[in-house]
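Asker: Below is the structure I would like to discuss, written out as structure tokens.
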Amino acid sequence: MFVFLILAALYESWSLPFSVLLSVPIAVCGAFVGLSLRRYDLDVYAQIGLIMLIGLSAKNAILIVEFAKEEFGNGRPLVDAALEGARLRLRPILMTSFAFILGCVPLWVATGSGAASRRILGTAAISGMLAATAVAIFVIPALFVIVERIASRPADQAAVATQPKPTEGGA
């Protein structure tokens, strides 16, 4: 709820934070798949990894949504604005995501004392970011379009209802 309110203040909109927050479950599902494939439990280290993933996947979504909102505000059609936002931010998102993933590889293969906790954290982080990077890049623009269309419907209906109706047959 707190993240939603911060994003609502950032975008000055109640609808745009949904585009960002609806993409977070992709990373969380990726972390759960990675943990289950390596047969690890959802312990405190995995939960720390999940909290980290929420922030990182939301960051990727914020980058795309921010540019898409700017393009849409400049008069581009909604779908074109979403695709342009994804195209403009693809390389920076890929670079930061893969840098993070490669930085977590030592956690994935940790040995020695305390290695189990590092492996669990690395598994959650790497598998979640791989899912967020591979899937969410395509889902975020679609979520932006869907949320914007849903949010603009009541505004369009209210604008039509407040317009004066033309009178028939008289000057």
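Asker: Would you mind telling me which numbered condition in (1) more than 21 Å from Ile146 (Cβ to Cβ); (2) touching a Ser or Thr at 6+ places or on another chain (Cβ under 7 Å) Ser57 fails?
Answerer: It fails just one condition, (1).
Asker: Are any residues in the stretch 102-151 open to solvent by 40 Å² or more (accessible area, probe 1.4 Å) and within 23 Å of Leu90 (Cα to Cα), and if so, which ones?
Answerer: The answer is Leu102, Gly103, Val105, Leu130, Ala134, Val135, Phe138, Val139, Ala142, Ile146.
Asker: If the requirement is being of a type in the set (D, E, K, R) and touching a residue at least 60 places away in the same chain (Cβ under 8 Å), which of these qualifies: Arg38, Arg76, Arg89?
Answerer: Going through Arg38, Arg76, Arg89 in turn, just one is of a type in the set (D, E, K, R) and touching a residue at least 60 places away in the same chain (Cβ under 8 Å): Arg38.
Asker: Being out of contact with any strand residue (DSSP E or B) (no Cβ under 8 Å at 6 or more places or on another chain), farther than 18 Å from Ala46 by Cβ and part of a loop (DSSP other than H, G, I, E, B), is that true of even one residue in the stretch 76-84?
Answerer: yes
Asker: Could you tell me whether any residue of the stretch 18-38 is under 13 Å from Ser127 (Cα atoms) and among the charged types (D, E, K, R)?
Answerer: Yes, the stretch 18-38 contains at least one residue that is under 13 Å from Ser127 (Cα atoms) and among the charged types (D, E, K, R).
Asker: Looking at the structure I just gave you, is Gly49 over 14 Å from Glu148 (Cα atoms) and free of Cβ contacts under 8 Å to residues at least 60 places away in the same chain?
Answerer: Criteria not met by Gly49.
Asker: Another one. Which one of these is under 24 Å from Val20 (Cα atoms) and charged (D, E, K, R): Arg89, Arg118?
Answerer: Among Arg89, Arg118, only Arg89 is under 24 Å from Val20 (Cα atoms) and charged (D, E, K, R).
The values are calculated or read from the model by the stated rules, or taken from the named source; none is laboratory data. Note that the coordinates shown come from a computational prediction; the quantities given were computed from them, not determined experimentally. For neighbour counting, all protein chains shown are included, and Cβ atoms are generated from backbone atoms with ideal geometry for every residue, glycine included. For the accessible areas, the whole protein counts, side chains as well, though only heavy atoms, and no ligand, DNA or RNA atoms are used. Shrake-Rupley method; radii C 1.70, N 1.55, O 1.52, S 1.80 Å.
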